[in-house]
Amino acid sequence: MEKLKDKIASLSSTPFSRQTIACLLNDLYFAPCENKDALKEFLFEQARKKRDQYYSRKVFLRGLIEFTNYCQNDCFYCGIRHSNKKNRRYRLSCEQILDCCAIGYKNGLRTFVLQGGEDLYFSPQRLEAIIRAIKERYPDCALTLSVGEREKDVYERWFKAGADRFLLRHETATKWHYEKLHPQTMSFSHRLNCLRTLKKIGYQAGAGMMLGSPQQDISCLVEDFAFLSAFRPAMVGMGPFIPQKDTPFAQEKAGSVELTLICLALVRLLLPPVLLPATTALATLSKDGTIKGLDCGANVIMPNITPPAQRCLYTLYDNKKITDGESVEGLQKLKEMLHRAGYEAVMSRGDSKMTYSIDGTV
Ligand code: SAH
């Protein structure tokens, strides 16, 4: 037990070791271990302390705009996959997106996240025009894109137009596992190359994975942590896998809250300055998932500012829990919940404290 505690306490000051992470994951979660609860509590406490050291008790809020649920891809886990014919599709117009930003801005939000399926209707030019329009009206806000894989020149174009950050979860850092989660038309190496390109261009890049996705085992997680440690993303988006009823994974088991919390804490210790959201998926599986996530080292929440008529159609998984950022009351409720738990909602841009050379080497 004391040895394991030492391992946890020195995670942020020692070089990454696959062996150490495997040993910790094993004792914290995968294998029976009599001191599991005490060990977990120690891990969470260390992660909280590390987060406090870098960001104190401040939690950054981001306005999430789910602007299209059209997608050309067919990820086996995802409810907006191309082959799902049961899903009613929508796209927000540029005006509708600007309306979302206006509401978010009025409510105090200073980061907007444009997330959507890989929808080629949003051509390089079209999305560029939207980025420019947002940055022209809200030069004091940060803009994050989460629109999947594109070519280098397109990413460059959007960066020049003013996009600051880009979220592209790697989903899993193990090739065979990636191929279990995606059809043959999708490529593991292309996704990783996209991440390297984004970082090289100068985006604050976000990677991340689902926890408890089908066939994920301890070795997959060790690879994920190895990848994150080497890549040093500015942000890490991680949430539990949750089945969606109209996908090939409809019958699969959801990931666990416990594993999600353990991984959040480990990421905070491995990459102390990282921006780490307590995700919607975590809040979906656990009533107080958001606070639990923060108590394990997370420091970002993404309230939803998509118009209600569309946000219920953005169904990546079943029973999505919404943190409402569109209404003043929704945000007020969130701020009060944070305050009660000893956190402070911060409305500034909230840039990452992660520093890295931007040559994109991994
Ligand atoms: N098209 C964009 C955005 C994808 S949606 C892209 O490719 O990056 C954002 C994230 O939701 C995905 O990266 C995935 O990790 C997560 N997600 C999708 N389906 C999910 C499910 N069934 N359960 C949990 N998370 C899911």
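None of the figures in this text is laboratory data; all of them are computed from the coordinates on show. Note that the coordinates shown come from a computational prediction; the quantities given were computed from them, not determined experimentally. Every residue, glycine as well, gets a Cβ built from its backbone with ideal geometry; the counts of neighbours run over all protein chains shown.
For the reader, a short list of remarks on this structure follows.
- Of the criteria (1) within 25 Å of VAL346 (Cα to Cα); (2) in a loop (DSSP other than H, G, I, E, B), which one LEU143 fails: (2)
Results for (1) β-branched (Val, Ile, Thr); (2) surrounded by fewer than 16 Cβ atoms within 10 Å (Cβ to Cβ); (3) within 16 Å of the ligand (Cβ to nearest atom), shown as yes or no for each residue.
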residue	(1), (2), (3)
LYS36	no, yes, no
TYR55	no, no, no
GLU66	no, no, yes
GLN72	no, yes, yes
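- Region 275-293: number of residues that are over 16 Å from GLY212 (Cβ atoms) and surrounded by 24 or more Cβ atoms within 10 Å (Cβ to Cβ): 5
- Checked against (1) surrounded by fewer than 18 Cβ atoms within 10 Å (Cβ to Cβ); (2) touching a helix residue (DSSP H, G or I) at 6+ places or on another chain (Cβ under 6 Å), ALA345 meets all criteria but (1).
- Among the conditions (1) free of Cβ contacts under 8 Å to residues at least 40 places away in the same chain; (2) within 16 Å of the ligand (Cβ to nearest atom), the only one that THR144 does not satisfy is (1).
- Which numbered condition LEU127 misses (of (1) more than 16 Å from the ligand (Cβ to nearest atom); (2) crowded, with 20+ Cβ neighbours inside 10 Å): (1)
- When residues of region 308-339 are limited to those that are surrounded by fewer than 17 Cβ atoms within 10 Å (Cβ to Cβ) and assigned to a loop (DSSP other than H, G, I, E, B), the one farthest from the ligand (Cβ to nearest atom): SER327
- Only one of the listed residues (GLY212, GLY208) is within 13 Å of the ligand (Cβ to nearest atom), touching a His at 6+ places or on another chain (Cβ under 8 Å) and either on the phi > 0 side of the Ramachandran plot or without any contact (Cβ under 8 Å) to a residue 12 or more places away in the chain (or both). That residue is GLY208.
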